[in-house]
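A short worksheet on the structure shown next.
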Amino acid sequence: MPNSPSDRSGAPRRVSVQRKGPLLMEGPVEVELEDGSVVSSDRFRVALCTCRRSRRYPWCDTSHRDRA
């Protein structure tokens, strides 16, 4: 399957870094967690949590945002 998350020969994936937010990555993606488990998303863009506040980690749920 071309451009699948495990296809290492395809076009490079774009990752957007935001100062106070998640990493935005063009999908689909597979993410290997610290315990060795793998989670995947077939969405065209995913937000990866960098603050670890997300209840859906490794996916961002905007828990990093300041609440008024």
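The values are calculated or read from the model by the stated rules, or taken from the named source; none is laboratory data. Since the structure is predicted, the reported quantities are computational estimates derived from the model, not experimental observations. Surface accessibility is based on the protein's heavy atoms, side chains included, excluding ligands, DNA and RNA. Shrake-Rupley method; radii C 1.70, N 1.55, O 1.52, S 1.80 Å.
Determine how large the accessible area of Arg14 is when every protein chain is in place; take a 1.4 Å probe and give Å² rounded to the nearest 10.
150 Å²
Can you work out ³J(HN,Hα) from phi for every residue in segment 30-36, in order, using Karplus 6.51 cos²θ - 1.76 cosθ + 1.60 and θ = phi - 60°, giving whole Hz and x for Gly and Pro?
10, 10, 8, 8, 4, 7, x
I'd like the carbon and sulfur percentage of the solvent accessible area for segment 13-66, probe radius 1.4 Å, heavy atoms only, ligands and nucleic acids excluded.
Whole-percent figure for carbon plus sulfur exposure: 42.
Return one quarter of the surface area of the convex hull spanned by the alpha-carbon atoms of segment 24-68, equal to its mean projected area, in nm². Provide the component values of the computation, followed by the final result.
On the way: hull surface 13.7 nm².
Dividing the Cα hull surface by four gives the mean projection, 3.4 nm².
How large is ³J(HN,Hα) for each residue in segment 42-50, as worked out from phi by the Karplus curve 6.51 cos²θ - 1.76 cosθ + 1.60 (θ = phi - 60°), to whole Hz, x for Gly and Pro?
Calculated HN-Hα couplings, in order: 9, 5, 6, 8, 10, 10, 9, 5, 10 Hz.
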